[in-house]
Amino acid sequence: MKREVKLITGRTLDQGIFIEHKHSDEYLNAAAICRINPKLMKEIGVDEGGGVKVITDVADVVVRAVGDDNIGEEMIFVPMGPWANFVLGIDVGMAGMPSFKGVNAKIESTDEKTPKMEELMKRYMI
Amino acid sequence: MQNITLKSKYDGRISVEAEIITPDNFSGKDAKEIGEMDLFMGNKTVKLKDIFEVSVEGSSENPEDTEIIIKGNTDRIKRIGEGMTSGKIVIEGDVDMHCGAMMRGGKIIVKGDADSWAGREMSGGELLIEGDAKNYIGGAYRGETYGMTGGKITVKGNVGAYLGEKMKDGEIVVEGDADMISGMEMLGGKIIIKGDAIMPGGEMKGGTVIVMGEVTDRMPTFKMDGMEIIEGIEFNRYTGDLSVRRAKGVLYMKG
Amino acid sequence: MIIEDVICPFCGSLCDDLTVEVKDNEIAGIENACKLGYSKMMGYEHDRYERPLKRVGDEFKEISYEESIEEAAKILYNAKSPLLYGWASTSCEAIERGIELAVKIGGVIDQTATVCHGPTVLGTQEVGKPSCTLGEVKNRADLVIYWGCNPFHAHPRHAERYSTFTKGYFTKKGRTDRKIVLVDIRKTDTEGICDRFIQIEPGSDYKILTSLIAIVMGKEESIPEEIGGVKKEELLGLAEEMKHANFGMVFFGMGVTMTGPKYKNIAALERLVRELNRHTKFSLMPMRGHYNVAGAGAVFTWRTGFPYAVDFRRGYPYYNPGETTSNDLLTREEVDAMLVVASDPGAHFVNSSVRRMAKIPLIVMDPHPSATSELADLIIPTAISGVEMDGTAYRMDDVPIRFKKLIDSKFKSDFEIIGDIIEKIEKRGVKD
Amino acid sequence: MSELLIKNGIVYDPLNDICGEKKDIFVRDGKIVEEVKKPEILDVNGLLVLPGGVEGHAHLSGSKVNAGRLMRPEDGRRGLRRKTAITMPESGYSVINVYGEGYRYARMGYTTMVEAAMPILTAIHTHEELRDIPILDKLSMTLFGFNWFVMDYIRKGEMDKLAAYVAWALKISKGYGIKIVNPSGGENWKWGKNVSSIDEPNISFGVSAREILSSLMEVNEILDLPHPIHVHCNRLGQPGNYDIAIDTMKISSGFETKREREPLHVTHIMFSSYGGEKWKDFESKTDEVTKEVNSNKNASIDLGQLMFGDTTTMTADGALEFALCKLTGSKWSNSDTEMETGGGITPQIYSPSMPINAIQWAIGLESALLVKNPYQVWLTTDHPNGAPFTTYPEVISLLMSKDRRKKEIERVNKVVQKRAILSSLDREYGWNEIATITRASQAKAYQLNDKGHIGVGADADIAVFNINPEEVDPSKDYEEVERAFSATKYTIKGGEIVVRDGEIVKVFPGKTLWTNAEFDGYYELIEDDLKDWFSKYYTVSLSNYGVSDVYLTNPEVIKTNPKIGGRIEVPAE
């Protein structure tokens, strides 16, 4: 099932630590994730570490679920990085600043794999 | 009467800056002279004739009697009609940013959509957009005190965010819906939105905003001070924005 | 060799008290750094590009520095609408040359503020920025509000050095002399160091801030009982606390610059701080991300008059975010060649922009492989500023600090490479 | 070896007592010489020739100026000028980019500038911008007026340490002299307050403005600094502040100095000559203030002339800027600098129809017309506070023509005839006096022996104006005067022609001058204090503080001859 949420993106410590190592597994683990309320995980039927497809008007991307009690049930948090930005687009009225927070998105559980950074970037080249 | 027709041959994506296209600059000139005028495309200077086919009928030394019709693909032509004082421009398709910016008189009709900053800092004349328009319509330049100070803008479709930003005088009528904060930091003049609006009147200090449709996300800093009937419809009258010193803005909303 | 008072080239806190041990031209140890700085400075030698690379078909081919400079100059010289982007993680000296290059080729130059504190600049251009240096906070602040920022993750030593735990002249007891408040949409790890957490609904900052202004001005009567998920009572309480602080401070981050009407949030925050100055002393400060993003803004401003998104295509500076900003230009497909310096827009720009980057000649100057370099046509490896190259950086409070070179490098610096490109361009004749 | 012969010009060179003589000037390798062999000849027959202009007080570089630029893109878009083959693009009207600053001064015949306010903590920024300002030679004044070390040493009565600290701070900031802004009061602004008189002790240090001024004036003498203490008075910009200006100047009366300059300079006097109690009864008090100047040989002033139009005010006096912003509702930035200084910025529109602005405009001109000795006055607009420096030609024409003043007085608010005395002043400046207040006074006040004159040995900084002083009557042809001073026929900087017919033809970096007043043991005297306070209260390490030589282009060090407590004397090099 699909569930509507607000997508929030932002810095995290781990994303920052591995920011100069974008091809590493550590970076993948730090940035290709989605922090999500455990109740919401249950609702969409995804387990800790399972695949979540984040879908917006722009595109969709698969990241891994990480349970987080401090995240409200109406939102998900994806660290800033290639995965988060893949589903974001420029929108109106923003004076040069795209919307990186509070973007309308849908999420669903998926068996698809999270793309590696270089695989994700290849999608831009088509 | 002088009728000038420009037919666009341009389908590039780098916008062309064409502030030269005004009745003031064209009146009394023949097709050749107009074709030799400079436009700017990226870091290149190009001749007008490289972008448009030019034809001229009749002649007039007076911009008032000069009409420019622009046909073809113009969605990447910026700044048409900037600073014009009189005469008329008709754009048959879509137009890029800053159309009619700083215009002082005359009339511009855009039959398609207009991009952001149409009518920016305009002080007179009339701008009619038959399609949709984007952001900052009738607004200001970054950091300036005033946006539009006179004239009239009509948009038949929807508008984007920050309609009439820092507007000081004049009138804007939108027949469709308006995105975020119409009349933002408005100081005077009048905005009528026939459709819906989001957070209208943010930080307005003066002037009037009338929203005939639904309002979502109301600003919390307006005070209701009565009811009024405008054109047969009942409106609540609010004053604000109370988060601004000496604010005397008037916002009419249903309910 | 032990090098003291080393400047950390990671975030806008620009901590300058690191101790680094260098053995045989390698960094052997670092003291005082946070995880972010430690990782960057210790990991300097991992994942480096060894030579300039040029894309040939689907492959990258190694070329010489000289060839890469010639190639870069050719691409930039021939472009009608080039974009030079990045600059937040390099020295002011390199940025100065970047502006010279932009002028000479008739391009647009933009920096990472375009996707972080650009709205802060726009807000400042509407209202102004009542601010101070971090030492004022250290020595005086008795009320600190973190609004939409998460220093625990993004600026790990900020609280310790400047804003929460630090002791100062009038704040002898440090943490206990201060009240700390967090305003955010979720309970972040920063909440742990705060006295109070005010949770607000996403995108409601503008309404909450304008309500607070009205309250501070004594016009609370119109304010509804709840705004953006916050009870009016709570806002009234916060306003009183702010008015009665001796020296109040607001640090704010992406939570404010990126949501709702974005720059209007900042303008409202700045107006709030200004109103508070009628009652007491209050300041604010953006939590700048990259270690020299403030420097990029400073150099841009003194050289061109404008802080980011400066368009030189017509030979003079033109500035209009929403029009001359990177994401607008890329999404509108107006850019026909791009140079990226010390930044990774491939990872941090939105889909529609990155799609354009993939299609045009793209030059990347970076020490490490990045998401952007995956799309590049030309990759020029560089020395790491702050580790292998010295120069000037500006802290988040616009205090300039000269950072050190800790070890020698076989790589050229951004400063040198851009200088080389300018030289090649000049040989071709400055475009008029 | 490059040589120039500037032939047949009408030369005004007040410091060499040359007053309108037809005279040839010889230049070799950047200096004025007695003769040349194979020079390039510039025949400037009948044209006005002056030494290169010296800007004595302006805000042109550093954090505050840049904050002004950042805040005002609407100002940036005024004054745009395209790049050329040799120049970078210009932007701005009142807050100008670095290139515009250099080119515009050079076009007006100026070749030296002083940045009037440099915080030590951000001195690198000041010097980075100075490095980028083309053509001009530069000096900058280091801020001390409410510096914690200064106030602490004064409250403890430790004059030797105070002198040592000032010497160290000048060296580390690469500053030229002592700038004092809102002494003592600036510290109170950091709690949102101010002081109201020069004798009021401030909240945190209990030190008054008078104590700071007299102590630093004494230190200035002890360290043998080339320039007077350069003072922005308390309560600046507020009605009824004229007595503070007078009290401040009186501190210097009777003070003995070995330097051939006044020991104290009160800057932008226009903002400190206000009568009345409120803006309502605001009036000019230039008669009282200039009476003090005329009777006190130990003080000089500069005008801070206000000209009508849109500008950006900026000062280290943060309290003043907030007060202004409350009056106008305009945007406002503040930048308090830890332990040292502060700063504020707000835009202003000065309108001739506004009574306050009309009186302010008159005050500046009155000050120039009432001070008898032109060496005690410099022409400034306190750029950009009173107006951009590009209005100098207009100010010059007003000083030279009573007719023009009369015409202006008719245009401005009538109140100026009642609450100012400008309409009663008949004096008209002559060419020699103009040369004095734009060049010679400043060169003398900064003790720049190679500047402000064109005698043999001086730097070959020369301005040739397209006007014949023997034919033009400035009293009548004031428009001609304004036109001529707006763009030179030639500006020569260091022997090179940089401007020809009003256009920049050559660009190169100028020099940076700073003062080294160190004496034996000066650092040891304060080392413990520095280490203690840096570790406790600063947010940068002591070793990362200050400006290294990499930031200076063509540095020139002025070595002084300090005399500490009669014990230590270091001979000059």
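The values are calculated or read from the model by the stated rules, or taken from the named source; none is laboratory data. Just so it is clear, the model here is predicted, and its values are computed rather than measured. A quick note on method: Cβ atoms are made from the backbone with ideal geometry, for glycine too, and the neighbour counts reach across all protein chains shown. The area values use the complete protein model at the heavy-atom level, side chains included, leaving out ligands, DNA and RNA. Shrake-Rupley method; radii C 1.70, N 1.55, O 1.52, S 1.80 Å.
Things to note:
- Restricting attention to region C:366-397, the residues that are out of contact with any helix residue (DSSP H, G or I) (no Cβ under 6 Å at 6 or more places or on another chain) and not in a loop (DSSP other than H, G, I, E, B) total 3.
- Unmet requirement for residue B:31, which otherwise passes all of (1) farther than 30 Å from residue B:157 by Cβ; (2) touching a Phe, Trp or Tyr at 6+ places or on another chain (Cβ under 6 Å); (3) not basic (Lys, Arg): (2)
- Some residue of region D:526-538 being within 23 Å of residue D:156 (Cα to Cα), of a type outside the set (Ser, Thr, Tyr) and not in a helix (DSSP H, G or I): no
- Some residue of region B:91-100 being farther than 18 Å from residue B:173 by Cα and not in a loop (DSSP other than H, G, I, E, B): yes
- Considering region A:74-101, and only residues there that are farther than 18 Å from residue C:349 by Cβ and buried (at least 20 other Cβ atoms within 10 Å of the Cβ), the residue that is farthest from the other protein chains (Cβ to nearest Cβ) turns out to be A:76.
- Put simply, of D:355, D:347 the only residue that is touching a residue at least 60 places away in the same chain (Cβ under 8 Å) and surrounded by fewer than 20 Cβ atoms within 10 Å (Cβ to Cβ) is D:355.
Rundown of residues vs (1) in contact (Cβ under 8 Å) with a residue 60 or more places away in the chain; (2) in the same structural domain as residue C:379 (by TED's automatic domain parsing), yes/no style:
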residue: C:28; (1), (2): no, no
residue: C:35; (1), (2): yes, no
residue: C:66; (1), (2): no, yes
residue: C:78; (1), (2): yes, yes
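- When residue B:40 is tested against (1) out of contact with any strand residue (DSSP E or B) (no Cβ under 6 Å at 6 or more places or on another chain); (2) within 14 Å of chain C (Cβ to nearest Cβ); (3) in contact (Cβ under 8 Å) with a residue 24 or more places away in the chain, exactly one condition is not met: (1).
- Among the residues listed as C:94, C:72, C:88, the single one being in contact with a His (Cβ under 9 Å, 6 or more places away or on another chain), assigned by TED's automatic domain parsing to the domain that holds residue C:328 and either closer than 19 Å to residue C:382 by Cα or open to solvent by 10 Å² or more (accessible area, probe 1.4 Å) (or both): C:88
- Check on residue B:121, within 14 Å of chain C (Cβ to nearest Cβ), within 11 Å of the chain's Cα centre (by Cα) and either open to solvent by 10 Å² or more (accessible area, probe 1.4 Å) or touching a residue at least 40 places away in the same chain (Cβ under 8 Å) (or both): yes
- Check on residue C:266, more than 10 Å from every other protein chain (Cβ to nearest Cβ) and part of a strand (DSSP E or B): no
- Hits in region B:128-184 (condition: away from chain A (no Cβ under 14 Å), of a type outside the set (Ser, Thr, Tyr) and open to solvent by 30 Å² or more (accessible area, probe 1.4 Å)): B:130, B:144, B:152, B:156, B:168, B:169, B:171, B:175
- Of all residues in region B:195-222, those satisfying the criterion of being part of a strand (DSSP E or B) and within 25 Å of residue B:146 (Cα to Cα) are B:197, B:198, B:208, B:209, B:210, B:211.
- Test: residue A:29 is crowded, with 19+ Cβ neighbours inside 10 Å and of a type in the set (S, T, N, Q): no
- Inside region B:85-104, residues that are open to solvent by less than 30 Å² (accessible area, probe 1.4 Å) and more than 13 Å from the chain's Cα centre (by Cα) make up a count of 6.
- Complete set of residues in region D:177-195 that are touching a His at 6+ places or on another chain (Cβ under 9 Å) and open to solvent by less than 10 Å² (accessible area, probe 1.4 Å): D:177, D:178, D:179, D:180, D:181, D:182, D:183
- Subset of region D:104-152 [under 18 Å from residue D:381 (Cβ atoms), within 14 Å of chain C (Cβ to nearest Cβ) and surrounded by fewer than 24 Cβ atoms within 10 Å (Cβ to Cβ)]: D:104
- Filter result for residue A:64 (among the charged types (D, E, K, R), more than 10 Å from every other protein chain (Cβ to nearest Cβ) and within 14 Å of the chain's Cα centre (by Cα)): yes
- Note on region A:12-44: residues that are in contact with a strand residue (DSSP E or B) (Cβ under 7 Å, 6 or more places away or on another chain), at the interface with another protein chain (Cβ under 10 Å from one of its Cβ atoms) and either in a loop (DSSP other than H, G, I, E, B) or at positive phi (or both) total 1.
- Check on residue D:508, modelled with pLDDT of 95 or more, touching a helix residue (DSSP H, G or I) at 6+ places or on another chain (Cβ under 6 Å) and of a type in the set (Phe, Trp, Tyr): no
Rundown of residues vs (1) of a type in the set (Val, Ile, Thr); (2) within 25 Å of residue D:31 (Cα to Cα); (3) in contact with a helix residue (DSSP H, G or I) (Cβ under 7 Å, 6 or more places away or on another chain), yes/no style:
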residue	(1), (2), (3)
D:461	no, yes, no
D:466	no, yes, yes
D:471	no, no, no
D:476	no, no, yes
D:482	no, no, yes
D:488	yes, yes, yes
D:492	yes, yes, no
D:495	no, yes, no
D:499	yes, yes, yes
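- Counting only residues that are under 16 Å from residue D:284 (Cα atoms) and not in a loop (DSSP other than H, G, I, E, B), region D:401-419 holds 5 of them.
- Residues of region B:92-112 that are within 14 Å of chain C (Cβ to nearest Cβ) and charged (D, E, K, R): B:94, B:96.
- Scope region C:290-335; condition among the β-branched types (Val, Ile, Thr), closer than 21 Å to residue C:354 by Cα and within 9 Å of another protein chain (Cβ to nearest Cβ); matching residues: C:324, C:325, C:331, C:335
- Hits in region D:539-561 (condition: open to solvent by less than 70 Å² (accessible area, probe 1.4 Å), more than 24 Å from residue D:511 (Cα to Cα) and out of contact with any helix residue (DSSP H, G or I) (no Cβ under 6 Å at 6 or more places or on another chain)): D:540, D:541, D:544
- Among the residues of region B:207-255, those identified as small (Gly, Ala, Ser) and loosely packed, with under 12 Cβ neighbours inside 10 Å are B:226, B:232, B:255.
- Within region C:380-426, the set of residues being open to solvent by 20 Å² or more (accessible area, probe 1.4 Å) and within 14 Å of chain D (Cβ to nearest Cβ) comprises C:389, C:390, C:398, C:402, C:404, C:405, C:415, C:426.
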